[in-house]
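Every read-out reported here was derived from the displayed coordinates using simple, explicitly stated rules and does not represent laboratory data. None of the values given here were measured: they were computed from a predicted structure. In this analysis, Cβ positions are derived from the backbone assuming ideal geometry, glycine residues included, and neighbour counts consider all displayed protein chains.
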Amino acid sequence: MLPAQKAHEPLPNAADAYWLPFTPNRHFRKDPRLVVRAEGMYYFDPAGRRVLDAASGLWCTNAGHTRRPIIEAIQRQAAEMDYAPAFQFAHPKVFELAARLAGLAPKGLDHVFFVNSGSESVETALKIALAYHRARGDAGRVRLIGRERGYHGVGFAGIAVGGIVTNRKFFGTLVAGVDHLPTTYDRAKQAFSRGEPEWGAHLADELERLVALHDASTIAAVIVEPMAGSTGVIPPPQGYLQRLRSICDKHGILLIFDEVITGFGRLGAPFAAERYGVTPDLITFAKGVTNGAVPMGGVIASRGVYEAFMTGPEHVIELFHGYTYSGHPLACAAALATLDLYRDEGLFERAGSMEKVLEDAVHALKGAPFVLDIRNVGMAAAIDLEPIAGMPGKRGYELLQRAFFDQNLMIRIAGDTIAIAPPLIAGEDEIAIAVGGVRKAIDATA
Ligand SMILES: Cc1ncc(COP(=O)(O)O)c(C=O)c1O
């Protein structure tokens, strides 16, 4: 038996206790990629080695790391009021933040429901869509339409409307009544397009086929990422989102834009809805809203959707949904400081003006070993690499390691696709270093 004072000391193999998400755990433990500090565009490993963050953490630190105003806002809020109950009570910052977000969103989207993550924002938006139709006496609208290759987090509804096979196939029958639009990506038609490809708007018409199959009276909502991020940066074909909007309008179907990645400047505008001039009925957001500093997400709803719930006796809850940490004071404080930073530093506009720099840099990788396609939009880009025969994902994973250990570079991978999405503060030099590091890592695997 262990002496009493030893019983609670960490064991030598304490690293085993942590089960890492979306990570090959056994391999990770052999060669851990650890970071202990972050500042601006950089992470630092335990030995003090500086690693360029070409992924904005996980698409969230749009203003760069450990920004003073955000840190100080969180510190002040933690000292003043740590928590306020989210149900039946509220605190002032949550109103202020909702108003700020409504001000950033396209006209007409002006009610904000807070959650704690992108996954929760998706579950919430889908529940709002179902309950909206029911509130209007249209309870037969129960079907949800997603899209192949879509990523909408890891809740059951999110993986059901999502279209990433590995995220779905292990988890049973998911949610019933879901169908999918085809992916907008076709390499044969779009390879090496810069920005939004010219080919593919007609794929929105597939929604008409689904309407013909199920009947519009059974369909509640369509959910898409304006730019499919996690699957490997697939910009929408020119005109596609407009077409989707008009088909939804024609059939009374709600359109949801999942802007968890595209929100807060990634595409050079507060939301992708603005870049494309298409206003959905609901927008989901998370990540960049707090610059990644405190978990937060939410749904921005149109007035029409919100008003549909505001009927019945006033003492009765209109939407039976919410989380203990919805609108958490620390998250609100972080978000308000983050929005100030984005505004004061003009970061959304900056992302727009750097788009061409990133585009030219990544497209220069055409012709490098194994490169099958390169895509870009806003401050996001992806490079598809040829998989190693019989071992899909292995080349991508090797690239991730080589980039981190040999090139001092943090990138994202999706299978054998490399994604680059630097904080919006990135300069030309840092973009060149990031893309140069990717090139060296690719060459080293050849
Ligand atoms: C479009 C989209 N929706 C939802 C999510 C899920 O967000 P979270 O990991 O915060 O649950 C993500 C995460 O990358 C995302 O890209």
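Brief remarks follow.
- Beta bridges from DSSP with both residues in the chain: antiparallel share about 65 percent, rounded to the nearest 5.
- For segment 263-337, taking Cα atoms only, Rg and Dmax work out to 14.8, 43 Å respectively.
- Toward the positive end of the charge dipole of the chain, with +1 on the Cβ of Lys and Arg and -1 on the Cβ of Asp and Glu, the farthest Cα among ALA17, LEU144, GLY298 is that of ALA17.
- Within the same chain, aspartates and glutamates fewer than 8 places from LYS394 are excluded, and of the rest, those with a Cα less than 20 Å from its Cα are ASP31, ASP373, ASP384, GLU386, ASP406, ASP416, ASP443.
- Annotation: amide H of ARG37 within the under-5 Å range of PHE44, sequence separation 5 or more or interchain, hydrogens built in the peptide plane.
- Where labels lie 7 Å past Cα in the beta-carbon direction, separation of ALA432 and ARG136 in nm: 5.4 nm
- For the listed peptides 261-267, 53-59, 317-323, a ranking on the average number of other beta carbons within 10 Å per residue, highest first, reads 261-267, 53-59, 317-323.
- Additional length obtainable on full extension of the chain from ALA446 to PHE170, 0.36 nm per residue less Cα span: 96.0 nm
- Averaging Cα coordinates gives a centre for segment 50-76 and one for segment 288-319; these two points are 27 Å apart.
- All alpha carbon pair distances within segment 201-301 were sorted into 5 Å bins beginning at 0; the resulting P(r) in whole percents reads 3, 13, 23, 23, 18, 11, 6, 3, 1, 0.
- Backbone N within segment 297-340 under 13 Å of label point (7 Å from MET81 Cα along the Cβ vector): 327-333
- Calculated on the Cα set of segment 70-344, radius of gyration then Dmax: 18.5, 58 Å.
- Note on the chain: with charges restricted to the Cβ of Lys and Arg (+1) and Asp and Glu (-1), its dipole about the Cα centre is near 720 debye.
- Here, segment 316-446 is characterised by an Rg to Rh ratio of 1.12, where Rg is the alpha-carbon radius of gyration and Rh the Kirkwood radius.
- Karplus-derived HN-Hα couplings along segment 71-76 (A = 6.51, B = -1.76, C = 1.60, θ = phi - 60°), whole Hz, x at Gly and Pro: 4, 5, 5, 5, 4, 4
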